[in-house]
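J.: Sharing a structure here in structure tokens format.
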């Protein structure tokens, strides 16, 4: 079968009898069927991965913010121990800021 015979055979076939409404609605129905589904099956694993990644990021941030002051105290541990040893003999309160350890109030001697 060559191209000419195939073309003549296709032209000889009649189109099915349909109501005019069918042909009016046909393009919109084809477009609806061509659209991807609203929620593809690939989206669900991504959502779980996003939830796990967010939880891990939150846990990391929480641990960093709770353990960061411990590093500050350990950095000034020698000064902290020295002043803590002096506390019973001299009633003093001290504080730590970005410049180091300082006396907040001191007992007048």
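Each reported figure results from applying straightforward, stated rules to the coordinates on display, with no laboratory input. Because the structure is predicted, anything quoted here is derived from the model rather than measured. All Cβ positions, even for glycine, are placed from backbone atoms using ideal geometry, and neighbour counts span all protein chains on display.
J.: To the nearest 0.05, what FRET efficiency results for residue 102 and residue 68 with a Förster distance of 25 Å applied to their C-beta separation? Could the numbers behind the result be given before it?
T.: Numbers: r = 20 Å, r/R0 = 0.81.
Efficiency for this residue pair is about 0.80.
J.: For each of 75, 11, count neighbouring Cβ atoms within 10 Å of the residue's Cβ, then give the residues from fewest to most.
T.: Working: 75 12, 11 7.
If I rank by nearby Cβ atoms, fewest first, I get 11, 75.
J.: What distance in nm separates the simple spin-label points at residue 57 and residue 11, each placed 7 Å from Cα in the Cβ direction?
T.: Here the answer is 6.4 nm between the modelled labels.
J.: Could you please rank 9, 101, placing first whichever residue has the fewest other Cβ atoms within 10 Å of its Cβ? Mind showing how you got there, number by number?
T.: Values: 9 10, 101 13.
Fewest-to-most ranking of 9, 101: 9, 101.
J.: Gain in length, residue 33 to residue 49, computed as 0.36 nm per residue apart minus the alpha-carbon separation, to one decimal in nm? Display every interim value, and only then the final one.
T.: Working: separation 16, 0.36 × 16 = 5.76 nm, distance 2.98 nm.
Using 0.36 nm per residue and subtracting the Cα-Cα distance, I get 2.8 nm.
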